[in-house]
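The next block holds one structure in the form of structure tokens; read it before the comments.
The values are calculated or read from the model by the stated rules, or taken from the named source; none is laboratory data. From a predicted model like this one, the values you see are computed outputs, not experimental measurements. Cβ placement follows ideal geometry from the backbone for every residue including glycine, while neighbour counts extend to all protein chains displayed.
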Amino acid sequence: MFRRVTFALIAASGTIALSSNIAHADWRDEMPTFRVGLLGGENEADRLRNNECFRVAMEERLGVPVEMFPAPDYAGVIQGLVAGQLDYASLGASGYAAIYLQDPEAVEPIFVSAEADGSLGYIAAMYVRSDSDIHSLEGMEGYSLAYADPNSTSGYLIPRAELRAAGINDAEFFSRTGFGGGHEQAVIAVLEGQYDAGVTWVSGQGNPADGYTRGNLRRMIDNGLLDMADLRVIWESNLIPNGPVVVRKSMPDEAREIIVDYLANQLETDPQCYYDISFGEGQGWQPVDHSFFEGIVAMRRAELEGSR
């Protein structure tokens, strides 16, 4: 399901060395490690590097070792949270909906990242190679499309829903569709000519030619994996609710409070880490609850019922 990468401070004796000024509390007996799920869609080395600042911050504040679980796909993190094997993850709205439909008591959404203008939504973008003759969604008829992941909101759920609303049956309109194995991998598949187009998540703000202000394209540019001169955006979706940071509902209250306090102030106290873990520019973490995602939950439920 997912591979564990354990980060702990090891003393010379081989025992875990925690900050000496953090008194051991009973709740740490219930949660001796803090287990963080990292969604697939970005190569593992970059995921671990970009989340290293969060690992360090949580280990210092919680006083327990932090374990990172980089999953090969979205399903690995979703099932890890449902099974209670993970304590924390940053998800897309559709991934949260998948968990909620399996077990409403598994996780609790606590924050979404606000965009550069303070809004709480993003968009799906369809892109092609810049040397392609395709310049619009209508021009995609008869060409191939790479979705990102079956559990992705912007990389599958929303594009399919909006295509259906426009009277487009993706099985008939495109020459073929498939899954790229994640947002980053789908972009690479298009660049390498394996698909004619793909869909991914972006903030919808800033210049598309610069990869927008936040999202997968911005992250790939930052990581040196993409030059936007090689891609062209041909379609943008309507606004999508930003995906949540979730915590295990049965997590000890004190641990939850520590996590909430850190994230609520992260933009001010640790702005580079906010940029790294939120995929770009924004105005910090904004509190949310389940009601923020009810529309996506209903859409996900309808998608599942339609596939039966």
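Somewhere in region 262-279, is a residue of a type outside the set (Gly, Ala, Ser) and closer than 22 Å to Met126 by Cβ? Quick ask: steps written out before the conclusion?
Filtering region 262-279 down to residues of a type outside the set (Gly, Ala, Ser) leaves 262-263, 265-277, 279.
Within this subset, residues satisfying the condition of being closer than 22 Å to Met126 by Cβ are 279.
Within region 262-279, one or more residues are of a type outside the set (Gly, Ala, Ser) and closer than 22 Å to Met126 by Cβ.
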> Of all the residues that make up region 79-93, how many are buried (at least 24 other Cβ atoms within 10 Å of the Cβ) and closer than 14 Å to Gly40 by Cα?
Replying inline: 3
>> Can you go through Ser113, Ser119, Ser136, Ser175 and tell me which one is crowded, with 17+ Cβ neighbours inside 10 Å and either of a type outside the set (Asp, Glu) or free of Cβ contacts under 8 Å to residues at least 12 places away in the same chain (or both)?
In response: Ser113
> Do we have Asp210 as without any contact (Cβ under 8 Å) to a residue 24 or more places away in the chain and over 19 Å from the mean Cα position of the chain (by Cα) here?
Replying inline: yes
>> Only one of Gly37, Gly63, Gly76 is at positive phi and either of a type outside the set (A, V, I, L, M) or surrounded by 20 or more Cβ atoms within 10 Å (Cβ to Cβ) (or both). Can you tell me which?
In response: Gly63
> In region 33-67, what residues are touching a strand residue (DSSP E or B) at 6+ places or on another chain (Cβ under 9 Å), assigned to a loop (DSSP other than H, G, I, E, B) and modelled with pLDDT of 95 or more?
Replying inline: Thr33, Asn51, Val64, Pro65
